[in-house]
Amino acid sequence: MRNLKLFQTLEFRDIQTSGEPQCFSLRTEQGTVLIGSACGLTEVDPVARKVRNEIPLVAEGFLPGDGSGCIVGIQDLPGQESVCVATASGDVILCSLGTLQLECVGSVASGLSVMSWSPDNELLLLVTGQQTLIMMTKDFEPVMERQIHQDDFGESKFVTLGWGKKETQFHGSEGRQAAFQMQVPEPALPWDDHAPKVTWRGDGQLFAVSVVCPETGARKFRVWNREFSLQSTSEPVAGLGPALAWKPSGSLIASTQDKPNQQDVVFFEKNGLLHGQFTLPFLKDEVKVIDLLWNADSTVLAVWLEELQSEENSTVNTYVQLWTVGNYHWYLKQSLPFTGCGKSQVISVLWDPVAPCRLHVLCQGWRYLSYDWRWATDRSSGEVSSDAANVAVIDGNRVLVTAFLQATVPPPMSSYRLLLPQPVNQVAFSTNPQQSNDLAVLDACSQVSVYKCDDDDTSVDPTVKLGAVGGNGFKISLRLPYLEKRYRIRLEEENEVNPLKLSFLTWVREEAFLAVSHSQSGPQSVILRLTAAPPDPADELGQLSVSSSVTVDGIVISLFCNPKTKSVALQLADGQILKCLWESSSLSVEPWKNPAGTPVRFPYPCMQTDLAFVGVEECVLGLSDRCRFFINDTEIASNITSFAVYDEFLLLTTHSHTCHCFCLRDASLKALQGGLGSSHAAHGETLRRVERGSRIVTVVPQDTKLILQMPRGNLEVVHHRALVLAQIRKWLDKLMFKEAFECMRKLRINLNLLHDHNPQVFLENVETFVRQIDSVNHINLFFTELKEEDVTKTMYVPPHPGAARLSSGPEGSKVDRICDAVRGAMEDIDPHKYCLSILTSHVKKTTPELETVLQKVHELQGNAAAVPGAVSAEEALKYLLLLVDVNELYDHSLGTYDFDLVLMVAEKSQKDPKEYLPFLNMLKKMETNYQRFTIDKHLKRYEKAIVHLSRCGPEHFPECLSLIRDQNLHVEALKLYPPSSPQYKEIGMAYGEQLMQERLGEQAGLVFTRCGAHEKALDAFLAAGSWQQALCVASQLRLSQEQLASLSRTLAGKLVEQRRHSDAALVMEQYAQDYEEAVLLLLEGAAWEDALRLVYKYNRLDIIETNIKPSVLEAQKNHLAFLDSQTVTFSRHKKRLLVVRELKEQAQQANLDEVLLSQDSEFLSDTSSVLSGSDLSSKHSHSNSRISARSSKNRRKAERKKHSLKEGSPGEDVALVEALGEVVQGVEKLKDDVCHLLKVLFLFEFDDQGRELQKAFGDTLQLMEKSLPEIWALDHQQNSARPVLGPDSTANSIMASYQQWKSAVPVLDSEPLRPPKINRKTQWKLSFLE
């Protein structure tokens, strides 16, 4: 749905040379034009507007001096730095433009009618006056000569097996004789000049020659290949015209056909069969087609027409029309009318081979014109709800307008069409946001037709016809425009040659337009402000006159306006951006400056431009023809195919088939660059995938629809998530809950956003929400989607910080809060209407209130006749069964102890009455408490069951105790009986036994003590090693002295097993009265000072010599031996660790070098140079797959075995680090023991032994402290735990290092990475042993 908009016009008038122009060619590398005349060649520079070279051909005898000579072809040969010229007399001339030397490279006596070079300039095809074809190489060596007329069809002749032959078909009223009638070919058209026409396919492999058959007089064309072999001949087509053009893409050959009532442009396949057509907008015998020309990218077909002369003195006008195709429909996009008198008659037309949309025109009076078009979408720019999102498509004298607000109408259809008297060249929508549906149309006769859309106007305009949205019996709400006025543009200087006088028509104000006119004398442009002149009653047409103008140095290639600020910007050909001050009395321009105050200049000319606010600054946006997107003079991305600005959003499509949507409110250029340059996964709602080749057409205002067009022409409507969420947020801010809900339901947006967008506002306006939704089903849908998650923090994070709201509501469950609030509103509005929704609110709570729901259903059964139109109990129960499992609902109804409710639920379920009726009948016969106990036990509500069973009397206590034991409900049961009751004691005894089974002896002893079972309590405390409690219970049992001593020895043995020597010694001393055994226990536990205390307490100094001193010396020797072994182990592990790390670094570097060497090898593929993880890890393959299935204890054991100290194992370095850490921690724990031992050694005058131990322990600690930084080096661990990266790395080296790290270096646990702590503040040394 794009139009061709005039981008630039270049005109060179009155070229000073001799003769009359006949044809011309382009020198694209030099930017000059070669014009052939009856006198010779002229090379002109249209940009500098001067003649560069004149090459006379008359003086050399190649052209006659009387001016009757004719040049049939000119071709620039860039490789030879010369130009090839062919004359009608038969000479082929090679002209060097550097030396101006002429060389006749060939001559044909019969003359030449056509010279055509292949697209690659490798072959030359000549058509002679004797109707022969001569093919030559680029060095003018003849290849072959063939007759142009051939009797054979060609190599691609169709093969028929007789099926479907004409003789076997039914011919209706014509009879059987019609099968044998021969088709008589019609002769060529009367105005046909019978000259041959040649056209090449874009790849130069095939060419077609159109000629008039001398036998039949009919025109046909033949297709030849590059080897000069005939391929096919066109089928007989009546009225076939001489024009012939092969589409560069190679799919179709275009020609013309005169039909009885019209003239068509027809298309042929390369096999000569017809394949489509379109009709030219002229009457029969009104015009003739001089030529057809495809542009370089096969998107535009230029049709050069000329009126047929009906009278001798009548003026013959010439037209150049530009046609494009979309969705299999041909559109007339531009029409250039040239008068047939004087200097305006068109001599030749050419497309530029480099710039696809540049057309070159040569006129009779030595006037050269060049037009540049660009593709643009003409759309309304309003952002209010009244804007219909109109898009206008030019199609000849029709403007097809589609209002996407009402309906998405695929082209070539439209919502309505405007009928104009002349072909349309430009369309401009009003830039007034309140009147954005109004549009102005500029036709080929420089008339502006203004159409307006007014709500009050109901008149029917005959020039406005409904399109696809109209029809019989189809009612529409579309506002159709009406023709308000048609204006004639009056310019001070009338240009008699250039039919396109104005470009960039912009409707800036009521009855005021801006337009651009290009200067004829130099690279300048004139900005015009056109205003409506006072109306003339005698003239139906109004007048638009120039009220002000300003000349700009440079060629204006775009003019664009911001509807919000009314700012108008201009882009010059050199990329400079100017600001047009059009609202003052006289026009003026000034440089557009960025926030830094420097003038803005695009690095490259941009085909699409716009204005938008980025943050708080109004910026210029531009997209070049090379897909480079700029904001001001900063390049944002280089893969953009289209963009559009809507409200505060910027939408872009990319070559990677994605559509980005960015909020510009708080955006920065760096943020936009990062958003377009990062990976897809990091974008969230700003990015979505689109179909390949999609382009933005328009965005529907105050809606969520984004219209995209595919390359073929079909439309696709997408709802971009960013637009959807932005519109939903706007609706929610305005409390438009219904619109937001409908949009979210249709586009599958989580309905939690209704609340999470602003919880406080939602809860304050929950009644408004219910009244707007006004649908039980929709409210139920809202309830079913509720969840505790805050979707504004997870799924739908606001795009900019300013949009973030205080989304956290009051404390408690969000779902419960919403259910209660909405239910309260529904009960206040109409509890009977919203009965089902009220039930849903109870069910959807965090803890479903099924009992309350069932009670409400039960109430409905009793009040069914009281309220007319209310929901019946049966309907409510049937609805509940959709939300809740029937068995669960039945169980909850049974838990209410209401048998009527149970029967009601059971009847609506699929349960068999034989399943529940006997059970219910049995329950009804029971006593109330026992009945409820039975129900609770059946529902496995055992806590409630024992409550009811405890009320049934002592006779049911055994059953209660059995249930307590089975379900382990001792704690709950103890609360039901007084502590003095026998039931309490029995439950307590059972509880104590249960604790004993669970090996909780101390707790069991406490429970037994509470119940008075002191014997069992003593056993429990004894098993638990709780010697204080055991001795307390023993005193309560009044044990004898012998029994107490025996108990004390037993307790001491238990404590020694637990390495609690001090407690065992205390029991032996105070309760067994055996202080000697107590001293031995203290010496065994290295409690030297406590042992000395008892020796002196009981005055047994002999024990010092017999027991204490030998024990102290033995402990000193053991400590020295332990320190020596730990020092040796530590040094060995440390040395091995350094060796292992060095070997690993060498292996890693060797692998990287191998990868780098393999990159230079010609015999290795790219993939073979990358080491796979399996190759690198094959040396040390191991499996721990069984570990996952083991218990936690075995899993910990397997984890310890995973890092082996065996030399060469994969995790040897990790195992060494772990072993070293264990050694350091073991030595650190000895500080207190060594300190106590040193004190005793000094006390007993063992100074030498003390110094030896203190020195050995100090040396060991010093060795370990110095080694900590070397062993636990953080930098080394980080380097060995990640791939090698850097500016000098290649993809293969990075991949190899990553695979090596992944396979050869195991994942390090967090603990070995941390060095063990050595507490230097602990005072363990004795100064007098230094």
Counting only helices (runs of 4 or more DSSP H) wholly inside the range 709-827, the ones holding at least 2 residues that are open to solvent by less than 50 Å² (accessible area, probe 1.4 Å) and closer than 30 Å to ALA403 by Cβ are 721-733, 737-746
Considering only residues that are in contact with a strand residue (DSSP E or B) (Cβ under 6 Å, 6 or more places away or on another chain) and in a loop (DSSP other than H, G, I, E, B), look in the range 412-423 and name the one that is surrounded by the fewest Cβ atoms within 10 Å (Cβ to Cβ). GLN422
Mind checking which residues of the range 75-113 are within 22 Å of VAL33 (Cα to Cα), out of contact with any Asp or Glu (no Cβ under 6 Å at 6 or more places or on another chain) and open to solvent by less than 20 Å² (accessible area, probe 1.4 Å)? ASP76, LEU77, SER82, CYS84, VAL85, ALA86, THR87, VAL92, ILE93, CYS95, LEU97
Which pairs do you get when a residue that is under 17 Å from GLY204 (Cα atoms) and hydroxyl-bearing (Ser, Thr, Tyr), found in the range 120-141, comes within reach of a residue that is assigned to a strand (DSSP E or B) and open to solvent by 50 Å² or more (accessible area, probe 1.4 Å), reach meaning Cβ atoms under 7 angstrom, with the pair 6+ apart or on two chains? THR137/VAL143
Cβ pairs under 9 Å, 6+ apart or interchain, first in the range 763-779 and closer than 11 Å to ALA825 by Cβ, second open to solvent by less than 40 Å² (accessible area, probe 1.4 Å) and assigned to a loop (DSSP other than H, G, I, E, B), ordered by first then second residue, are LEU763/GLY809; VAL770/TYR834; ILE779/TYR834
All but one of (1) over 23 Å from CYS445 (Cα atoms); (2) among the β-branched types (Val, Ile, Thr); (3) without any contact (Cβ under 8 Å) to a residue 60 or more places away in the chain hold for VAL384; state the number of the condition that does not hold. (3)
Conditions: (1) part of a loop (DSSP other than H, G, I, E, B); (2) polar (S, T, N, Q); (3) in contact with a Ser or Thr (Cβ under 8 Å, 6 or more places away or on another chain). SER547 meets all but one. Number of the miss? (1)
Across the range 859-876, which residue is modelled with the highest pLDDT among those that are buried (at least 19 other Cβ atoms within 10 Å of the Cβ) and not in a loop (DSSP other than H, G, I, E, B)? ALA876
From the list ASP297, ASP285, which one is over 26 Å from GLY154 (Cβ atoms), within 47 Å of the chain's Cα centre (by Cα), part of a loop (DSSP other than H, G, I, E, B) and at pLDDT below 95? ASP297
In contact with a helix residue (DSSP H, G or I) (Cβ under 6 Å, 6 or more places away or on another chain), farther than 22 Å from ASP1102 by Cβ, open to solvent by 10 Å² or more (accessible area, probe 1.4 Å) and not acidic (Asp, Glu): does that describe TYR1075? no
Among the residues of the range 1041-1094, write down those that are touching a Phe, Trp or Tyr at 6+ places or on another chain (Cβ under 7 Å) and under 27 Å from LEU1241 (Cα atoms). ASP1063, GLU1069, TYR1075, LEU1094
Search the range 1260-1286 for residues being small (Gly, Ala, Ser) and not in a helix (DSSP H, G or I), and hand back the single one that is modelled with the lowest pLDDT. ALA1281
List every residue pair whose Cβ atoms sit under 8 Å apart, with the two residues 6 or more apart in sequence or on different chains, where the first one lies in the range 1071-1092 and is small (Gly, Ala, Ser) and the second, anywhere, is part of a loop (DSSP other than H, G, I, E, B) and open to solvent by 40 Å² or more (accessible area, probe 1.4 Å). GLY1085/ARG1059
Considering only the range 342-361, I want to know if a residue exists there that is at pLDDT below 90 and closer than 22 Å to VAL469 by Cβ. no
Kindly establish whether VAL72 is modelled with pLDDT of 90 or more and farther than 27 Å from GLN147 by Cα. no
Just the residues that are in a loop (DSSP other than H, G, I, E, B), within 20 Å of ASP14 (Cβ to Cβ) and under 54 Å from the mean Cα position of the chain (by Cα), please, taken from the range 45-84. PRO46, VAL47, ALA48, ARG49
Checking the structure you have, find out if any residue of the range 1133-1142 is surrounded by 14 or more Cβ atoms within 10 Å (Cβ to Cβ), at pLDDT below 80, part of a helix (DSSP H, G or I) and in contact with a Leu (Cβ under 6 Å, 6 or more places away or on another chain). no
Pick from the range 300-309 the residues that are at pLDDT 85 or above and assigned to a loop (DSSP other than H, G, I, E, B): which of them is nearest to GLY276 (Cα to Cα)? VAL300
When you scan the range 615-626, do you find a residue that is open to solvent by 40 Å² or more (accessible area, probe 1.4 Å), in a loop (DSSP other than H, G, I, E, B) and within 24 Å of ASP372 (Cα to Cα), even just one? yes
Could you tell me whether the range 673-696 includes any residue that is closer than 17 Å to PRO798 by Cα, touching a residue at least 24 places away in the same chain (Cβ under 8 Å) and in a loop (DSSP other than H, G, I, E, B)? no
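The values are calculated or read from the model by the stated rules, or taken from the named source; none is laboratory data. Predicted model only: the values in this text are computed from it and were never measured. Because the Cβ atoms are built from the backbone with ideal geometry, glycine has one as well, and the counts that use them run over all protein chains shown. Only protein heavy atoms, including side chains, enter the accessible area calculation; ligands, DNA and RNA are left aside. Shrake-Rupley method; radii C 1.70, N 1.55, O 1.52, S 1.80 Å.
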